[in-house]
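First comes the structure, then the notes that go with it.
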Amino acid sequence: MEFVNPEGLRLDGRRPMEMRQLRAEIGVVSKADGSAVFEMGNTKVIAAVYGPREVQNRSQQSNDQALVRCEYSMANFSTGDRMRKPKGDRRSTEISMVIRQTMEACILTHLMPRSQIDIFVQVLQADGGTRSACINAATLALADAGIPMTDIVTSCSAGFLNGTPLLDLNYVEDSAGGPDVTVGILPKLDKVTLLQMDSKLQMETFETVMQLATEGCKAVASYIREVLLENTKQLESRRGV
Amino acid sequence: MKEREEENFVTPGDILGKALELKPGYGAYFSSHDKTIYASLTGFRSITPAPIDSEDQRATVEVKGHKAHGPVPEPGVVVTARVTNVMAKMASADIVCVGPKSVKEKFTGIIRQQDVRATEIDKVEMHSSFRPGDIVKALVLSLGDARAYYLSTAKNELGVVSAKSAAGATMVPLSWTEMQCPLTGQTEQRKVAKIDAV
């Protein structure tokens, strides 16, 4: 299949190094301590953060750091074919774990001992790159909840199809079976907290693909910063400062 | 307002300053490997100069403007609590207010027999000091055990501030140990708080 046409355009009309449109909104779940919706093109996820609160299961309580829990789920209506998936299938437990580990790496857990932080992410619309979108949504929700973090984590994916590195794969490109590199970084500290890849890639091309994904993460980071600034300004004006 | 411009806006991971010149306060953390202070919360940077008499002359840098968390009881503060259960050696209570602020989550406290009053602490009868449903003002003694905060009412101004009688009416305090029901005239035993006239 041709993923990049001779004019250099992808199936959805993007250039190879172009991201999909980003959109984010903070404070969408009123009951949660922090929440956000994050969209990357047609991929749309919602994240809600509760905590730091008392540990529900005392056996998991830790005396020197907070317990971070994460639950990932996909809405039944999020994909084209409606499937009734059991809660906690292999894919969602794996992504839950990935998100948990990524977020745990940036939360200053030692400041909140004997407490727990719950992160719930749900995919409302799936069009590739749900993993990245979930991490970005979770970061926004954590920042909204006022949970101390070393840095904001942002994530983006990149692939390699038809001999071209492609940024931010959509569902069709993702299901082509080619390599799919998901990167999560701490943009200010310049550290990688997540790196996953499906299928295989040559060493040299891997470098360029990962570089591309990292650039994507930085673009997401600057967008997230803008959203947070806008939100903080709004909070200020509502408070009448 | 002017100083709160966009250049003062920070997100987690933004550099706030060097540790040689500044001290990290709320919403900031110190990274030891590059001796730099970073923000850990979203908000605006604010710098408070150190008090003149302090040894450390570095100014404190904080991040302000984020959401406020609910108040949390800490040792030394006066809380308002509702008694839920009275046992022979202690009474348990749900903390509803910390100082003037109402709490968002559930915090439980325990008033032990020896913490009810200041004198004759071994002769305290828990059942003639509190009843379930009473509203008490109490001092937080310590973080207590894993389950509850330890509270104390061993001061004149601490104890029951509002209680319902068996008939269901709000009782009137008679002395520091008695309250009377305005409907039936019955007196009940309580550890009454002495509240200053407003």
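With both residues required to sit in the stretch B:42-198, DSSP beta bridges show an antiparallel share near 90%. Counting other Cβ atoms within 10 Å as a rough exposure proxy, the listed residues A:D168, B:D56, A:D174 run B:D56, A:D174, A:D168 from fewest neighbours to most. Across every direction, the projection of the convex hull enclosing the Cα atoms of the protein assembly as shown has a mean area of 29.5 nm². Taken about its Cα centre, the protein assembly as shown carries a charge dipole of about 1540 debye when Lys and Arg each add +1 at the Cβ and Asp and Glu each add -1 at the Cβ.
As a rough footprinting exposure proxy, the listed residues A:M17, A:M149 were ranked by other beta carbons within 10 Å of their own, and the order from fewest upward is A:M17, A:M149. Hey, how much of the P(r) for the stretch A:162-205 falls beyond 11 Å, as a percent of Cα pairs? Percent of Cα pairs beyond 11 Å in the stretch A:162-205: 72.
Legend: mean number of C-beta atoms from other chains within 10 angstrom of residue C-beta atoms, peptide A:218-231, equals 2. Here the Kirkwood formula, the inverse mean of 1/r across different C-alpha pairs, assigns the stretch B:78-189 a hydrodynamic radius of 14.1 Å.
Name the long-range amide H neighbours of B:R190: under 5 Å, sequence gap of 5 or more, or other chain; modelled H, no Pro or chain starts. Close amide H contacts, sequence-distant or interchain: B:E178, B:M179. Panel note: the C-alpha atoms of chain B, placed on their principal axes, show extents of 70, 34, 32 Å (largest first).
Considering all different alpha carbon pairs of the stretch B:35-98, the Kirkwood hydrodynamic radius works out to 16.1 Å. Rounded to the nearest whole Hz, the Karplus-based 3J(HN,Hα) values (6.51 cos²θ - 1.76 cosθ + 1.60, θ = phi - 60°) of the stretch A:230-237 follow the sequence 4, 5, 5, 4, 4, 4, 4, 5, with x at glycine and proline.
Relative contact order, percent, of chain A when contacts are C-alpha pairs under 8 Å separated by at least 6 residues?
Relative contact order for chain A comes out at 21 percent.
Each of A:I152, A:I135 was scored by other Cβ atoms within 10 Å of its Cβ. Listed from fewest to most, they are A:I152, A:I135.
With Rh defined as the Kirkwood radius, the inverse of the mean 1/r over Cα pairs, the Rg/Rh of the stretch B:2-64 is 0.98. The helix-based estimate of mean residue ellipticity at 222 nm for the protein assembly as shown, built from -39,500 (n - 2.57) per DSSP H run of four or more residues and divided by its residue count, is -5500 deg cm²/dmol to the nearest 500. The protection proxy used here, the mean number of other Cβ atoms lying within 10 Å of each residue, ranks peptides A:206-213, A:183-190 as follows, highest first: A:183-190, A:206-213.
Computed over the Cα atoms of the stretch A:22-239, pair by distinct pair, the Kirkwood hydrodynamic radius stands at 17.7 angstrom. Overall dimensions of the stretch A:49-126, expressed as equivalent-ellipsoid semi-axes from the Cα gyration tensor (√(5λ), whole Å, largest first), are 28, 12, 10.
For a test of the definition: using alpha carbon positions, the gyration tensor, and the 1.5 limit on a/c, classify the stretch A:76-197 as rounded, prolate or oblate.
Oblate, because a/c is 1.5 or more while a/b does not exceed b/c.
Taken as Cα centroids, the stretch A:114-185 and the stretch A:25-69 sit 16 Å apart, rounded to the nearest whole angstrom. For the listed peptides B:114-125, B:90-101, a ranking on the average number of other beta carbons within 10 Å per residue, highest first, reads B:90-101, B:114-125.
Only the coordinates and a few stated rules stand behind these numbers; no lab work does. The structure presented is a predicted model; accordingly, all values stated were derived computationally and were not measured. Heads up, the Cβs are rebuilt from the backbone with ideal geometry, glycines too, and the neighbour counts pull from every protein chain shown.
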